[in-house]
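The values are calculated or read from the model by the stated rules, or taken from the named source; none is laboratory data. Since the structure is predicted, the reported quantities are computational estimates derived from the model, not experimental observations. As a convention, Cβ positions derive from the backbone with ideal geometry for all residues, glycine included, and neighbour counts pool all protein chains shown. The accessibility values were calculated without ligands, DNA or RNA, using every heavy atom of the protein model including side chains. Shrake-Rupley method; radii C 1.70, N 1.55, O 1.52, S 1.80 Å.
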Amino acid sequence: MKKSKNKSVKKKTIKVLRVKTGSVKDFFASAREVMRAGDRGESIKRRCATLTFVDPSEMLHFLSAAKIRLIANIRKHPDSITNIAKAMKRTLSAVRRDIHEMESVGIVKMHDEVNPRGHGRHKIVELVAPSLKLEAYI
């Protein structure tokens with residue numbers, strides 16, 4: 001049995017996260033278009049990551065003013081939930097709730113980092129993309 005060597009895998013980074021409104025019908029139409037292009041042997045262009053809300057009011061409710069400020073803060077300085085809450089002068093529980101909601105839909109991600117003095121680890125919150133593009137159709 002041959003041992004396989006570990007190859008470094010390049011992670012594809014997302015440059016823009018598109019947050020938009022649209023219907024389920026729109027989603028399937030877009031997917032169908034991509035699949036047909038693949039069937040024709042055409043190269044499929046990589047699209048930006050997209051988070052779609054069916055109802056514009058749901059999008060506005062989800063992306064509250066507090067979450068938009070939180071996104072701006074994380075963009076400037078990815079950090080632990082505790083440090084972000086302190087910097088924004090918000091309660092830890094409110095920031096934790098907002099970050100977990102945004103993580104569940106793919107706006108932010110967390111990764112472990114070794115503490116500066118080498119003792120222990122902590123989780124750092126960062127955006128999945130450096131910019132968000134908001135599109136709402138009513």
Margin query: Per 0.36 nm of contour for each residue apart, how much would the distance between Ala87 and Glu58 grow if the chain were fully extended, relative to their Cα-Cα spacing?
Written below: 7.7 nm
Note to self: Among Ala31, Ala49, Ala66, which one shows the highest mean-square fluctuation when the chain is modelled as a Gaussian network with alpha-carbon springs under 10 Å?
What the structure shows: Ala31
Check: If each of Ala29 and Lys67 carries a label point 7 Å out from its Cα toward its Cβ, how far apart are those two points in nm?
Finding: 2.6
Notebook entry, point to check: Radius of gyration and Dmax for the chain's Cα atoms, expressed in Å?
Noted result: 18.9, 60
Next item on the list: Only loop residues by DSSP count here, and only those with at most 10 other Cβ atoms within 10 Å; note down the trypsin sites (Lys or Arg not before Pro) in segment 55-138 that meet that.
Entry: Lys89, Arg117
Notebook entry, point to check: Efficiency by 1/(1 + (r/R0)^6): what FRET value for Tyr137 and Arg117, r their Cβ-Cβ distance, R0 = 41 Å, to the nearest 0.05?
Noted result: 0.20
Check: Over the Cα atoms of segment 89-138, how large are the radius of gyration and the largest Cα-Cα distance (Dmax), in Å?
Finding: 14.4, 52
Item checked: Area accessible to solvent at Leu60, 1.4 Å probe radius, in Å² -> 120
Check: From the cross-link list Lys20/Lys123; Lys89/Lys133; Lys15/Lys133, which pairs have alpha carbons spaced over 21 Å apart?
Finding: Lys20/Lys123; Lys89/Lys133
Check: With every protein chain present, what is the per residue accessible area of segment 19-138 (1.4 Å probe, Å²)?
Finding: 68
Note to self: Given the -39500 (n - 2.57) contribution per DSSP H run of 4+ residues, what per-residue ellipticity at 222 nm results for the chain, rounded to the nearest 500 deg cm²/dmol?
What the structure shows: -12500 deg cm²/dmol
Notebook entry, point to check: Can you give the direction-averaged projected area of the convex hull of the alpha-carbon atoms in segment 70-118, in nm²?
Noted result: 3.6
Check: Hey, with R₀ at 25 Å, roughly what FRET efficiency would Ala94 and Lys15 work out to, going by the Cβ-Cβ distance, to 0.05?
Finding: 0.25
Item checked: Heavy atoms of Thr82 accessible to a 1.4 Å probe, total area in Å² rounded to 10 -> 60
Checklist line | Within-9-Å neighbourhood charge of Arg121 [Cβ basis; K, R +1; D, E -1] | finding: -1
Item checked: Environment charge at Tyr137 (Cβ cut-off 12 Å; Lys +1, Arg +1, Asp -1, Glu -1) -> -2
Notebook entry, point to check: Considering only the other residues whose Cβ falls under 12 Å of the Cβ of Ser104, what net charge follows from Lys and Arg at +1 and Asp and Glu at -1?
Noted result: -1
Next item on the list: Give the relative contact order (percent, whole number) for the chain; include only Cα pairs under 8 Å separated by 6+ residues.
Entry: 35
